[in-house]
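One structure is given here, and the rest of the page talks about it.
No lab work stands behind these numbers, since they all come straight from the coordinates. In this text the structure is predicted, and so the values were computed from the model without any measurement. Methodologically, a virtual Cβ is constructed for each residue, glycine included, from the backbone with ideal geometry; neighbour enumeration extends over all protein chains shown.
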């Protein structure tokens, strides 16, 4: 069995995290992969897998490195979204996520780089906090 799209697994987990979703849209959270759509309502989160590793001897496990941008219309709110994302991910262990008929387990998520405050120079009033997390994900069934 091949591993599914890690981006889909991570999103399926994040939409269940009310501490984060309450800040970014509630029942319809603004969590986008790989980029924000044009004219997105803020605050929001964008993310994508930027690389990682896999084990050729255990094909069901991957270790993606994922870039997250926590967006808002001011730097204070962008940092608040980052803190909620951090709380939702940092140190999680053995979390099951079901996609279709397959259950995946997020064995771990660890922040690789602490949040960095950024200003989008191309789009006025878009501020973000950039962070990276390393995941270990396994396809179980």
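Using only Cα atoms, what Kirkwood radius does segment 64-118 have, in angstroms?
It works out to 12.8 Å.
Could you give log10 I(q)/I(0) at q = 0.10, 0.15, 0.20 Å⁻¹ for the chain, computed by the Debye formula over C-alpha point scatterers of equal weight, without solvent?
One equal scatterer on each Cα of the chain leads to -0.32, -0.70, -1.17.
Cα-Cα pairs above 18 Å in segment 22-103: how many percent?
Roughly 55 percent, once rounded to a whole number.
Sort 45, 62 so the one with the fewest other Cβ atoms within 10 Å of its own Cβ comes first.
Going from sparsest to densest Cβ surroundings: 62, 45.
Which residue fluctuates most in the GNM of the chain (Cα springs below 10 Å): 39, 63, 96?
In this elastic network of the chain, the residue with the biggest mean-square fluctuation among 39, 63, 96 is 39.
May I ask for the angle, rounded to the nearest 10°, between helix 75-89 and the longest principal axis of the chain, with both axes built from Cα atoms and the value confined to 0 to 90°?
Helix 75-89 sits roughly 10 degrees off the main axis of the chain.
Considering only DSSP beta bridges with both partners in the chain, what is the antiparallel share in %, to the nearest 5?
Of the beta bridges lying entirely in the chain, close to 95 percent run antiparallel.
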